[in-house]
Each structure stands twice: as structure tokens, then as C-alpha cells.
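Worksheet for the structure shown next.
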Amino acid sequence: MRRAAGFLVLLCVACDPDDSGHASDASSTGTVIDPSSSGAASSSSSSSGEPDSVYAPEVHTCRKECDFAADCCPADLENCPSPGFPGNFGCVNGLCVPAPCETDAQCEAITPGSTCNDVDGVPQCVILCDSDAPCAPLGSGFACGGETTDGQGYCRERCDIGTPCLLEECNAEGICECANDDQCVSGFSCDAD
């Protein structure tokens, strides 16, 4: 599985956007974004009591398996899991969902130049771009190749110019993509199902 620099791309399990369109308040249980809405949060849960999955990536990836949110916390992150960013990781349907960003200031503190934007249905810290130049500080493997929900370009790691995929395939857009669990290393599953 490829590794992103720091917390560049962070995902949401639950967020309430403020009037600016950026998420402002989050919790790791009970409240999820309704992907069909314009960002309004709603309360929803499955019969198991876990929040319904809201992460809907365009590209299927290998994600870490989990039983609890604590399984998703990086070893070097203190106070995790926690109700606030950056420790508000989630475990949804047995797969880790990274902590959602809540404000642009939080993103800037972790990755200079990044802002909190909706990507794949959830708030994430990304560096917006319309060319590869803003991506250069992230490293040689990053290029302008993603798109936010509202159509803005953002920097993302590219397997065609940077770190190659392990077992996944490098698709035509230069993104590692899986089709099944056999393409993931031990402890990770493909979110294609």
C-alpha cells in the first residue's frame, strides 16, 4: 500500500459544515454526512450500531482493517482516538476511515498550504491546484491529479511518477487501485465491495 505524506488526505466519518462550506464540528460516532445532500449532517446508523459508511472514493484502495477506531490511529499520534481532529479516526464496516478535518487552520498546521475540502464525500486536508507546481513541496511523487466534490483540482500521490503500487494496479490516472482483497497486503482490504 502506498503512503501519503503526513495527514495530507484525511477523511470524514462525521462532520457538520459551517456556513463557509468547510467542516466545523465532528464526532466519530452517530452522525454522518448524507452524500446526496450539500454537506448537511444527518444521524444514521446501521443495525450493528456503527455509523453508515460515507466514504465513497472514485478509486478503490486498500484500507487498513479494524475492529475499533483505536486500530486506525498512527503509532506516533498522541490522544487518539479522540472526539476532535486529528485523533477522530473511525472504523466503519471493518475498514479504517482517517480523521476528518474540521477547519482550514487545522490543515495548515499539519500541511502548509492545505485547506479542508470535500473529497469523495468527506472533508479532507488537500492542497488545491490547477498545475503540478503547488504539489512540489509534497515531494516528487505528488502531482495535480485529484478533484474535489466541487470540481477543484488537488495534489495527490501518483504511482506513475512516484512510489509504485505494491500489489494494486497503477490505473490510467496514475492512482493505485484495487479490484479485490488479493491485491492488498496482510491487514488491509480492498474497499471495492
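The values are calculated or read from the model by the stated rules, or taken from the named source; none is laboratory data. Here the structure is a predicted model, which is why all the values come from computation and not from measurement. Heads up, the Cβs are rebuilt from the backbone with ideal geometry, glycines too, and the neighbour counts pull from every protein chain shown.
From the residues in segment 92-109 that are within 18 Å of residue 191 (Cα to Cα) and of a type outside the set (A, V, I, L, M), which one is surrounded by the most Cβ atoms within 10 Å (Cβ to Cβ)? Can you show your working first?
Here is the first cut: in segment 92-109, the residues within 18 Å of residue 191 (Cα to Cα) are 92-99.
Subsequent filtering for residues that are of a type outside the set (A, V, I, L, M) retains 93-94, 96, 98.
Working: 93: 16, 94: 13, 96: 21, 98: 24.
Top of the filtered list is 98.
Scanning segment 176-193 for residues that are part of a loop (DSSP other than H, G, I, E, B) and either more than 23 Å from residue 94 (Cα to Cα) or of a type in the set (D, E, K, R) (or both), which turns out modelled with the highest pLDDT?
Of all residues in segment 176-193, those part of a loop (DSSP other than H, G, I, E, B) come to 178-180, 184-187, 191-193.
Filter again for either more than 23 Å from residue 94 (Cα to Cα) or of a type in the set (D, E, K, R) (or both), leaving 191, 193.
On the way: 191: 90, 193: 68.
The residue in question is 191.
Take the residues in segment 100-148 that are hydrophobic (A, V, I, L, M, F, W, C) and free of Cβ contacts under 8 Å to residues at least 12 places away in the same chain, then tell me which one is farthest from residue 72 (Cα to Cα). Quick ask: steps written out before the conclusion?
So the first thing to find is which residues in segment 100-148 are hydrophobic (A, V, I, L, M, F, W, C), and the list is 101, 105, 107, 109-110, 116, 119, 122, 125-129, 133, 135-136, 138, 142-144.
This time we only want the ones that are free of Cβ contacts under 8 Å to residues at least 12 places away in the same chain, so: 105, 109, 133, 136.
Details: 105: 23, 109: 21, 133: 32, 136: 28 Å.
Result: 133.
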Within the bounds of segment 72-87, is there any residue that is assigned to a strand (DSSP E or B), more than 28 Å from residue 183 (Cβ to Cβ) and under 15 Å from the mean Cα position of the chain (by Cα)?
-> no
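Can you find a residue in segment 58-65 that is buried (at least 23 other Cβ atoms within 10 Å of the Cβ), β-branched (Val, Ile, Thr) and modelled with pLDDT under 95?
Within segment 58-65, the first condition is being buried (at least 23 other Cβ atoms within 10 Å of the Cβ), and the residues that meet it are 62-63.
Filter once more, keeping what is β-branched (Val, Ile, Thr): none.
No, segment 58-65 has no match at all.
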Picking from 83, 134, 112, the residue that is under 30 Å from residue 168 (Cα atoms), modelled with pLDDT of 90 or more and surrounded by fewer than 17 Cβ atoms within 10 Å (Cβ to Cβ) would be 112
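Among the residues of segment 138-182, write down those that are of a type in the set (D, E, K, R), surrounded by 20 or more Cβ atoms within 10 Å (Cβ to Cβ) and within 22 Å of residue 122 (Cα to Cα). Give the steps one after another, and end with the answer.
Step one: of segment 138-182, the residues of a type in the set (D, E, K, R) are 147, 150, 156-158, 160, 168-169, 173, 177, 181-182.
Those still in the list that are surrounded by 20 or more Cβ atoms within 10 Å (Cβ to Cβ) too: 156-158, 168, 177.
Within segment 138-182, 156, 157, 158, 177 meet the criteria.
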